[in-house]
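Remarks on the structure that follows.
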Amino acid sequence: MAHTNKDLRIIRKEFESRSEKFPDKIRLGNNFVDDFIFENSEAADIPINALRVIFNIVSIIGNSQFRPVDRPHQLSLFDEEFETDDNTFASIKIRNNKISPSGSTKQVVAAYEFLTKFKMGWYKSENSKGKEIKTYGGLISIPSYDVRGYTTFLISSYWLKKLMVIPEYNYVLYNLVYNIRNNKHVIFAIWLSKIPPMGTSVKLSTLNKKFGLNYKTANDFCFKFLKPARINLNKHNNLSFNFKCDKDLITIYPYDSSKQVINEATKVSKEQLKVSRRLNYFKERYGLEEGEMVQFFYHYRNIAQTRDLIENAFLEFVQSNRMLKKKSTDYQGFPFLNEIQNIIKKNYAKTKMGELFPNGYPVII
């Protein structure tokens, strides 16, 4: 029969990365994620280097991806190119150092072997004219390792369609597979991108089955799997999550971690600006030179608790001078700091810590 022999392959298009620059994020179609990564709601245990192959495939074909509702004509063009004959493929070429940044040939070969064998079989799809198209293979077929630093392979029209024609999709950061070494954390991040903003509640048994885990209690799942995953996603992803467990029910709430990072950075920079302005005030008003008064500047900048003690002592110092009808600015340089130090020492002596450790007050000069 024509075109049913798995050794007869038609190659219709070649994809290759034309640039060393890669996108910040890629679009993973929900159809592909559901069928390839989470078939029957269970996550495949795809090794990290194989996940890098997938991320690079999506990155390379990214400009060809489309939603049919936005570009219906594009779907008929895809059918004409890839879904008129059985066993139609596209050829893709990826640099080996994108799969193994350390340059390990063994890792590259293992990644392609996994994706060649994983889900290998006959796949059927129907084109827009109602014709059934069949293709044979896994996600990739006949990879060819090139000593010049590339691997070329074929991807079937069946899987290519799921990667290119994306009615629904979610963004995932391209560098996730390079910054996070734990493959299950990356797969969890892909699943998390599909969770509604209001969160979801899932039984421990369901999550164990979904991610191929075997935790005995929800508490173990939360603190041995979810907590390390959240630390990774907080550091390396734009989407992270909070969680809580109640008996055997685990609730997961996604949130935009990139905004949190920005907010935290803004808080820090505002605090630093406030501290710098205050130190400038002391320098100008009381003749302080940073080079001569290292201890004071260090404590004020870096130790919030001592900063509070200094501010309280300064307030008392100003009020005391007002009562004596003296100018606080009569004290310049070391004499000013000496007054502040004495007040700190006196106030510290009145505390419980002062009774236990009489010399435990902060020394600012």
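Can you tell which of ILE54, ILE60, ILE92 is at pLDDT below 95, open to solvent by less than 50 Å² (accessible area, probe 1.4 Å), part of a helix (DSSP H, G or I) and not hydroxyl-bearing (Ser, Thr, Tyr)?
ILE60
For LYS21, indicate whether it is touching a residue at least 40 places away in the same chain (Cβ under 8 Å), more than 26 Å from GLU126 (Cβ to Cβ) and surrounded by fewer than 18 Cβ atoms within 10 Å (Cβ to Cβ).
No; evaluated as a whole, the condition is false for this residue.
Can you tell me which of (1) open to solvent by less than 20 Å² (accessible area, probe 1.4 Å); (2) in contact with a strand residue (DSSP E or B) (Cβ under 7 Å, 6 or more places away or on another chain) is the one THR200 doesn't meet?
Here THR200 clears every test but (1).
Just the residues that are modelled with pLDDT of 80 or more, surrounded by 11 or more Cβ atoms within 10 Å (Cβ to Cβ) and part of a helix (DSSP H, G or I), please, taken from the stretch 269-293.
Correct list: VAL275, SER276, ARG278, LEU279, ASN280, TYR281, PHE282, LYS283, ARG285, TYR286.
Within the stretch 313-350, can you find the residues that are under 46 Å from the mean Cα position of the chain (by Cα) and more than 18 Å from TYR281 (Cβ to Cβ)?
The answer is ILE344, TYR348.
Given the conditions (1) surrounded by 16 or more Cβ atoms within 10 Å (Cβ to Cβ); (2) under 17 Å from the mean Cα position of the chain (by Cα); (3) more than 22 Å from PRO47 (Cα to Cα), and given that ASN242 satisfies all but one, which numbered condition is not satisfied?
ASN242 satisfies every listed condition except (1).
Six or more apart or on different chains, Cβ atoms under 7 Å: show the pairs whose first residue is in the stretch 67-79 and surrounded by 11 or more Cβ atoms within 10 Å (Cβ to Cβ) and whose second is hydrophobic (A, V, I, L, M, F, W, C).
The qualifying pairs are ARG67/ILE166; PRO68/LEU75; PRO68/VAL165; GLN74/PHE66; LEU75/VAL165; PHE78/MET164; PHE78/VAL165.
Taking the conditions exactly as written (farther than 30 Å from GLU16 by Cβ and touching a Ser or Thr at 6+ places or on another chain (Cβ under 6 Å)), does THR251 satisfy them or not?
Against the criterion (farther than 30 Å from GLU16 by Cβ and touching a Ser or Thr at 6+ places or on another chain (Cβ under 6 Å)), THR251 qualifies.
Return only the number of the condition from (1) in a loop (DSSP other than H, G, I, E, B); (2) within 25 Å of GLN272 (Cα to Cα); (3) out of contact with any His (no Cβ under 9 Å at 6 or more places or on another chain) that PHE296 does not satisfy.
Condition (1) is where PHE296 drops out.
Considering the stretch 132-149 alone, what residues qualify as being farther than 15 Å from LYS161 by Cα and either surrounded by fewer than 19 Cβ atoms within 10 Å (Cβ to Cβ) or in contact with a Ser or Thr (Cβ under 6 Å, 6 or more places away or on another chain) (or both)?
ILE142, PRO143, SER144, TYR145, ASP146, VAL147, ARG148, GLY149
The values are calculated or read from the model by the stated rules, or taken from the named source; none is laboratory data. The model shown is predicted, which means the values in this text are computed figures rather than measured ones. All Cβ positions, even for glycine, are placed from backbone atoms using ideal geometry, and neighbour counts span all protein chains on display. Accessible surface is based on the protein model in full, side chains and every heavy atom, while ligands, DNA and RNA are left aside. Shrake-Rupley method; radii C 1.70, N 1.55, O 1.52, S 1.80 Å.
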